[in-house]
1. Can you confirm whether residue 265 is surrounded by fewer than 24 Cβ atoms within 10 Å (Cβ to Cβ) and at pLDDT 95 or above?
2. Looking for whichever is under 30 Å from residue 298 (Cβ atoms), modelled with pLDDT of 95 or more and buried (at least 21 other Cβ atoms within 10 Å of the Cβ) here; the options are 371, 364. Which one fits?
3. Does residue 117 meet the test of being surrounded by fewer than 19 Cβ atoms within 10 Å (Cβ to Cβ) and in contact with a helix residue (DSSP H, G or I) (Cβ under 8 Å, 6 or more places away or on another chain)?
4. Filter region 239-260 down to the residues that are in contact (Cβ under 8 Å) with a residue 60 or more places away in the chain, crowded, with 24+ Cβ neighbours inside 10 Å and more than 22 Å from residue 359 (Cα to Cα), then identify the one that is farthest from the chain's Cα centre (by Cα).
5. Check whether at least one residue in region 301-309 is within 18 Å of residue 346 (Cβ to Cβ), at pLDDT 95 or above and out of contact with any strand residue (DSSP E or B) (no Cβ under 8 Å at 6 or more places or on another chain), and report yes or no.
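The values are calculated or read from the model by the stated rules, or taken from the named source; none is laboratory data. In this text the structure is predicted, and so the values were computed from the model without any measurement. FYI the Cβ positions are ideal-geometry reconstructions off the backbone, even for glycines, and counts take in every protein chain you see.
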């Protein structure tokens, strides 16, 4: 009896083993597709948390507070008074009527919608003294006290910039952009402050220094809307929300071809929608960031849950980009239904980092993107950006997905360079077509690259590359 029981148990165990083996094989065979589908299923939940702020039906015209739309009169105080009045009344629209209004820094307050009417232009002064006193900000991923951004908000809720008018930073090489030639020592000093943990309030820049401000920066804000406006010629990055949540950037046009003229750079932000926007920029169109090096590890807040759709990218270093300041990590990014086309657009999907930055980039999804041409690669993952492999914090890049992405011309289809000790992992391409590709893929230190019905020139690929 005991022998029969042992034999019976052995048979049961064998059956269980065979079942688990078959199940594991099945999971492996359908795993990438399941992961991709499960990824996109998160979008509706993320979007349910992204709700544009609403404002009381009250208008505060800046002309009622002394503003003159002649393009020459300084309207800084008029903006300040109108915004304070709207805030103190419990909220409303601060209305910029038709005309050209010259101003220094604009500081938004809670429950205020800065409404720039069709035919109106806010022209920002190029006098750097108009952006003092210094404010708590981030410069290229390191916190500091620096010139105010042109439009700034700190720890505010329910704020907006809307309307069909224009915000013009008026930057050029004769003013802000020219600082790139002389800012080296200031940048080096700030980064050193971040490395040795100098208190942020002691990282004093501003007057006499050459760290350019960004254009629009809600810092530690909740419920932010930027809609319909045209934004151009920023001193540096155009739209730069930091450590903020529930952000909508919709139907915005960003044009600027100066140095570091990125379009929209959410940094350490959560629940972000970038929809229906047009980018024609001198740097990355959309660059998702999360702090830099030791200072990024100190703050340690990722950018996550970001939806990008129905956008058009023209010139720029990259269409949708993660990095290079991504020490705090980037995860759950969904880009779909976009068009990209310019000989001056270098890459479509780009991840740039190194072992000084560190950080984790994971769960990145792109689908239904049409590319006319890019100058370099459709997908570029580069672990050797900037400082290269000179640090002790190897980054991790994993679960990168592209589906129904087409390109008519590029130098490379795929350009991936990672590390032996930290390969780029789980990269999945499905139903993609890349035509007129000039050179062979560059694939260095890649683990589990899955190509499913991927056509490069005349070759259709269905394989896993380790």
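1. No.
2. Among 371, 364, only 364 is under 30 Å from residue 298 (Cβ atoms), modelled with pLDDT of 95 or more and buried (at least 21 other Cβ atoms within 10 Å of the Cβ).
3. Here the answer is no, as residue 117 does not meet what is asked.
4. 256
5. Checking region 301-309: not a single residue is within 18 Å of residue 346 (Cβ to Cβ), at pLDDT 95 or above and out of contact with any strand residue (DSSP E or B) (no Cβ under 8 Å at 6 or more places or on another chain).
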